[in-house]
Amino acid sequence: MRKFLMILLLTCFTAMQAETISWTKQQKVMHIGHSVQVMEDSGCALTFDQARDPSLSLKYTQSKSTNLVLGYTLSCFWVKFELNNETGEPLVLEVSQAGLPQCTFYTVGDDGSPVILEAGSDTYFKDRLIKSSFQVFPLLQGKHEYYVRLTTNSGPIPFNIYHRDHFEEKSISQRFVYGIYLGLMLFVFLSNLFFYYSMRNNLYLANAFMVLIFICYSMVVMLFWYTTIPPFGITIQIIYALWFLEVKKYNPRLYKVVSWIIGIYIIWFIVKFFLPFPIVQPVNTLQALVSFFILGYVGYNVYKKGNRFGLFFALTYVLYFILVLAEAMYINTGMPEYIVNFSYSGHATVTEALALSFLLTQRFEWEKEETEKSKLEVQKQLLEQTKENERIVREQNTTLEKRVNERT
C-alpha cells in the first residue's frame, strides 16, 4: 500500500511538473527545448522501461534553455516530452545536431507496443527511417509521451517539431545550399592547385590544404575526427599566417613567440589522444578561441610594421570571430536565424577560404608590381649612371684636348 501511494505521488508530481505540448493547425515549426525534461544516465545502463518508470520521475529536470546544454561528457541522457497532436497533421521530431554518436527514439504505439528507432552517427545512413544529416523521427497522432536517449560530443542540441511538408522543404533547401557551399570550396581548392602547378609556389599548395581542412570541418561527426581535425586545422592556420605574412621578416620577436605557441599546440595535439573526451573538447574550444586573437593580432602587428596585407588578414579573422559568436548565440538562444538555412560557422569557413585565396592572389600581384617597380628603378639608376659617365668622359676629353693644344 505504501509503495502504491509513493508511485501515485510521484506520478502526480510528474504530471504537475511536465508540460504537455499542443500542436495547432497552421503551424510549421515549434522549438520545444524549454518544454522537455532531461535525466543523466552516467552508466548508460537504463532501458526504456526503466527510464519511463514513475520511480525515476524525480530524476528528470526541466530544461532551462532553448536548446539542450548537456556539456562535454561520456554519459547518456534521456530526454522526454509529451505531445498532443489532435490535428491529424503529419509531424516529425528533429534533433538538430549532427554530432550525436547515438540517438534512439522511443514511444508506445496505440496498440501498446514499443516503437524504437535508431539514428546518430554510429547508425548507418541507410538504416535511418528518415534520411537527414540530423536525427529525425516521425511522431504519432493523438497524445503520446516520447523519449530520446542520446550521447553527445558537441555543443547545445536543438529539439524541434516540424510539419512534415515544411521539413521536406527545409531539407531540400539545406541540401541545395550545402551543395553550393561544397562546390564553391571545391572550386577554390582546385584553383589553388592549378596556380601551384602553374607557378610552382608552395603558398598555393598550402592554401589548397587549408581549404581541404575547412571542408572537413563541415563533414566531421565521428568522435575521433571531431576532436582531431579542429586542433590540427588551427595549428596549420597559425603556421600559414607566419608564412604568408612573413612575420619573421617584419617582427622576428613576435615570430619566436608565436612559434613557441605553435609548439604548445603540437604537444597538445599529441597529448589529447591519451585524455578523455570531457577534458579534450573544452581545451579544444579554448584553443580555437585563443587562435582567433593570435591570428588577428599577428595580422595587425605586421601591418603596422609595413606589411600591407596584415590589416586585411586581421579583419578576415575578426569577421570570422563575429560569425562564430553568431553561431554560438543561435545554438543557445535560437536567434539570429540562419541566413539561407546555412550555419554561421559555414559562412565563416567560406569567408575565410575566399579571403585567404584573394589575399594570396593579391600578394603575388603586389610582388609583381614591386618587381616591376624595382626593375624600373634599376633601369633609371643605370641610365643616370650612364649619363654621368658620358659627362665625365666629355669633361676628360675637353681637358685632354686643352692640354694637347697647350703643348702644341
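A few notes on this one:
- Of the criteria (1) at pLDDT 85 or above; (2) surrounded by 19 or more Cβ atoms within 10 Å (Cβ to Cβ); (3) in contact with a helix residue (DSSP H, G or I) (Cβ under 9 Å, 6 or more places away or on another chain); (4) assigned to a helix (DSSP H, G or I), which one residue 162 fails: (4)
- Close contacts from segment 169-195, counting a first residue that is over 23 Å from residue 133 (Cα atoms) and a second that is assigned to a helix (DSSP H, G or I) and of a type in the set (Gly, Ala, Ser), with Cβ to Cβ under 6 Å and a gap of 6+ residues or different chains, come to 188/353; 188/357; 189/208; 192/208; 193/208.
- Residues satisfying the stated conditions in segment 279-305, i.e. open to solvent by 50 Å² or more (accessible area, probe 1.4 Å) and either touching a residue at least 24 places away in the same chain (Cβ under 8 Å) or of a type in the set (A, V, I, L, M, F, W, C) (or both): 279, 282, 283, 286, 289, 290, 293, 305
- Complete set of residues in segment 51-66 that are in a loop (DSSP other than H, G, I, E, B) and either in contact with a strand residue (DSSP E or B) (Cβ under 6 Å, 6 or more places away or on another chain) or among the hydroxyl-bearing types (Ser, Thr, Tyr) (or both): 60, 63, 65, 66
- Positions within segment 42-57 being under 26 Å from residue 158 (Cβ atoms) and of a type in the set (A, V, I, L, M), in sequence order: 46, 51, 56
Rundown of residues vs (1) more than 17 Å from the chain's Cα centre (by Cα); (2) over 30 Å from residue 42 (Cβ atoms), yes/no style:
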{"site": "136", "(1), (2)": "yes, no"}
{"site": "146", "(1), (2)": "yes, no"}
{"site": "157", "(1), (2)": "no, no"}
{"site": "162", "(1), (2)": "yes, yes"}
{"site": "175", "(1), (2)": "yes, yes"}
{"site": "207", "(1), (2)": "yes, yes"}
{"site": "212", "(1), (2)": "no, yes"}
{"site": "229", "(1), (2)": "no, no"}
{"site": "232", "(1), (2)": "no, yes"}
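- So residue 322, is it closer than 19 Å to residue 217 by Cα and at pLDDT below 75: no
- Residue 259 open to solvent by 40 Å² or more (accessible area, probe 1.4 Å) and under 23 Å from residue 214 (Cα atoms): yes
- Residue match in segment 221-234 (condition: over 30 Å from residue 93 (Cα atoms), touching a Ser or Thr at 6+ places or on another chain (Cβ under 6 Å) and surrounded by 15 or more Cβ atoms within 10 Å (Cβ to Cβ)): yes
- Scanning segment 93-134 for residues that are buried (at least 16 other Cβ atoms within 10 Å of the Cβ) and of a type in the set (D, E, K, R) gives 94, 118, 128.
- Identity of the residue in segment 8-23, open to solvent by 20 Å² or more (accessible area, probe 1.4 Å) and touching a strand residue (DSSP E or B) at 6+ places or on another chain (Cβ under 9 Å), that ends up modelled with the lowest pLDDT: 17
- Selection within segment 257-278 - in contact (Cβ under 8 Å) with a residue 12 or more places away in the chain and more than 14 Å from residue 232 (Cβ to Cβ): 258, 259, 261, 276, 277, 278
- Checking each residue in segment 48-92 for being hydrophobic (A, V, I, L, M, F, W, C) and open to solvent by 40 Å² or more (accessible area, probe 1.4 Å) picks out 58, 69, 74.
- Filter pass, residue 140 being surrounded by 15 or more Cβ atoms within 10 Å (Cβ to Cβ), part of a strand (DSSP E or B) and among the aliphatic types (A, V, I, L, M): no
The values are calculated or read from the model by the stated rules, or taken from the named source; none is laboratory data. For clarity, every value in this text was computed on a predicted model and none was experimentally measured. For neighbour counting, all protein chains shown are included, and Cβ atoms are generated from backbone atoms with ideal geometry for every residue, glycine included. What goes into the accessible areas is simple: the full protein's heavy atoms, side chains included, and nothing from ligands, DNA or RNA. Shrake-Rupley method; radii C 1.70, N 1.55, O 1.52, S 1.80 Å.
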